[in-house]
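Reviewing the structure listed below.
Just so it is clear, none of the values below were taken in a lab; they were calculated from the coordinates. These numbers were taken from a predicted model, which means no experiment stands behind them. When we count neighbours, we look across all protein chains shown, and the Cβ atoms used for this are built from the backbone with ideal geometry, even at glycine.
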Amino acid sequence: MTNFIGDTHGQWKITRLQAVIGEPLENASHVRTEENAVHKSNAGIWTLRGFASNIRYTEKNEKEQLLAVQEGLGRQQATCAALIPIRKNEIWWALAQDERRAIFEKQSHHTELGLKYLPAIARKLYHCRDIGEPFDFITRFEYAPQHADAFEELVQALRKTEEWKYVDREIDIRLIRV
Ligand code: HEM
């Protein structure tokens with residue numbers, strides 16, 4: 001599990017903490033991450049907790065395209081980051097797997113759209129619905145300052161998709177490395 005702790009100190013300084021939809025998150029000035037954390041942290045102002053999991057919707061050809069271009073977190077030049085916790089509503093979770101995949105890719109082109117921004121944007125998806133957390137996902141991104149506008153464009157495009165009609169809580173946290 002990874003703990004993302006909102007606090008008064010940490011590796012990442014918060015430049016924006018904005019509720020896009022739904023209940024806001026308390027203000028904090030920094031985020032620090034604890035990888036491989038056995039317990040949820042009680043420290044700090046809030047803790048978001050999630051784990052990397054297997055893919056759900058990605059098809060083989062998409063997986064191959066992603067693997068061919070994507071870069072990992074922790075690149076020297078990637079001093080900007082975004083942490084975007086997201087929850088989807090009960091209508092989404094009541095759908096069958098194939099219905100969700102159709103909304104995610106056929107209607108919303110999530111992977112197709114996202115692929116255009118690789119390798120500039122590094123990404124990692126954490127799941128947290130099944131561990132009783134307030135969000136279903138924590139999405140994490142890292143990029144160099146010159147790609148900040150491109151990242152903004154991608155986020156805005158995704159928020160206009162059919163998939164996002166099912167998002168009922170989303171917090172946009174932007175960070176710069178300390
Ligand atoms: C940087 C380019 C991006 C690419 C290439 C990308 C690609 C993907 C892929 C392939 C999946 C499916 C994983 C699976 O099969 O389970 C996924 C899931 C997801 N992505 Fe992205 N994504 C990108 C950007 C974003 C952004 C900017 C956000 C948030 C604003 C976001 C939010 C999510 C969420 C919440 C999920 C989980 C959806 C679900 O399981 O219902 N992604 N993404």
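Here is how the numbers come out for the structure above:
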| quantity | calculated |
| --- | --- |
| Subset of segment 1-30 (residues that are more than 16 Å from the ligand (Cβ to nearest atom), part of a strand (DSSP E or B), surrounded by 17 or more Cβ atoms within 10 Å (Cβ to Cβ) and not hydrophobic (A, V, I, L, M, F, W, C)) | 3, 6, 7, 30 |
| Matching residues in segment 158-172 - criterion: being outside any strand (DSSP E or B) and within 9 Å of the ligand (Cβ to nearest atom) | 158, 159, 163, 164, 166 |
| Residue identified as β-branched (Val, Ile, Thr), in contact with a helix residue (DSSP H, G or I) (Cβ under 6 Å, 6 or more places away or on another chain) and surrounded by 13 or more Cβ atoms within 10 Å (Cβ to Cβ) among 86, 103 | 103 |
